[in-house]
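Data first, discussion second: the structure below is written as C-alpha cells.
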Amino acid sequence: MFLSKLVITNALMLILFLSMYESKGASNSSGSLSVVNGANINPPLAHQKVNVSVYYDSLCQSCAQFIIRDLKNVFDSNLISIMNLRLVPWAKAYINKTNSSISCQNGPDECELNSLESCALNLWHKVDIQYELINCFEFLAIKGTIKKWKEYCLDPLGLPKELFLNCFNMGNGTQLGKTYIDQIAHLSPSPSFVPWVVVNNQPVGKDYANFAHYVCKAYRGVAVPQVCKSPLK
C-alpha cells in the first residue's frame with residue numbers, strides 16, 4: 001500500500017513539474033526579452049531621447065545668439081522631439097569662499113539675470129515654456145532693455161507674476177545658482193568657454209552651432225525627425 005501511494009505521489013509531482021516548466025517556457029516566449037544562442041536581444045526602443053545640456057551665462061553675447069538662433073531651430077524643426085534639453089546658467093560664475101556670495105563673469109547684472117532664469121527653469125518644467133522665457137530674457141539682454149522683462153516676457157506667455165517674483169525676491173534664484181555652480185564644477189572636462197554644449201555626456205566643443213548633427217548621430221530611436229534624414233555634415 002505504501003509503495004502504491006509513493007508511486008502515485010511521484011506521478012503527481014512529475015505532472016506538476018511538467019506543467020510549471022511549460023508555463024515558464026510560455027512566459028519567456030511572450031516576454032519583451034528573448035534569448036537566441038545564449039544572447040539577450042532587446043527590441044528596438046520606440047523613443048530613446050538624446051540628452052543635451054547647454055551651460056551658459058545670461059549676459060554672454062555668444063550664448064544669447066546661440067539660444068535665440070540655434071535653439072529656436074530645435075523647436076521649429078521638431079528636433080526637440082528626440083531631445084531632453086537642459087539649460088544651465090551660471091556657467092562661468094563662482095562662489096566667494098569668504099562670504100559665500102556669487103561673482104559672475106559679466107558683473108552683478110549678469111548674476112541678477114542668472115537668478116531670474118534659474119527661477120524660470122525651476123518653476124516651469126515644460127521645456128517649451130522654459131525656452132520661451134529664457135529666449136525672451138536673452139533677446140532683451142541683447143537689446144539692452146532687460147529691465148522690461150516683466151511686461152515683455154511674463155505677460156505675453158500668461159505666466160503668473162507673483163509666483164515668479166516670490167522666487168526672485170526671496171533669493172531662491174541665487175540659491176539655485178549655487179547648486180548649478182556646484183554641478184558645473186564637477187563637469188569633466190570643465191567648460192573652457194560658453195556656451196558649453198554637451199550631447200549624451202560628450203562636449204561638442206567649438207562646433208556647438210552644429211550640435212544638431214551630434215544629436216541626430218546619437219539618436220537610437222525609430223521616430224526620426226525629418227531634420228535628421230538630410231545628409232549629416
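The values are calculated or read from the model by the stated rules, or taken from the named source; none is laboratory data. Since we're looking at a predicted model, the values are computed, not measured. Neighbour counts are summed over all protein chains in view; Cβ atoms, including those assigned to glycine, are modelled from backbone coordinates with ideal geometry.
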Of the residues in the stretch 80-95 that are touching a residue at least 60 places away in the same chain (Cβ under 8 Å) and β-branched (Val, Ile, Thr), the one that is surrounded by the fewest Cβ atoms within 10 Å (Cβ to Cβ) is 95
Just the residues that are out of contact with any Leu (no Cβ under 9 Å at 6 or more places or on another chain) and in contact (Cβ under 8 Å) with a residue 12 or more places away in the chain, please, taken from the stretch 66-79.
66, 68, 70, 72, 75, 77, 78, 79
Look at residue 182 and say whether it is of a type outside the set (Phe, Trp, Tyr), more than 24 Å from residue 100 (Cα to Cα), free of Cβ contacts under 8 Å to residues at least 24 places away in the same chain and in the same structural domain as residue 54 (by TED's automatic domain parsing).
no
Would you check if residue 106 is touching a residue at least 12 places away in the same chain (Cβ under 8 Å), more than 23 Å from the chain's Cα centre (by Cα) and in the same structural domain as residue 194 (by TED's automatic domain parsing)?
yes
Restricted to the stretch 195-226 and to residues being of a type in the set (Ser, Thr, Tyr) and under 16 Å from the mean Cα position of the chain (by Cα), the residue farthest from residue 72 (Cα to Cα) is 219
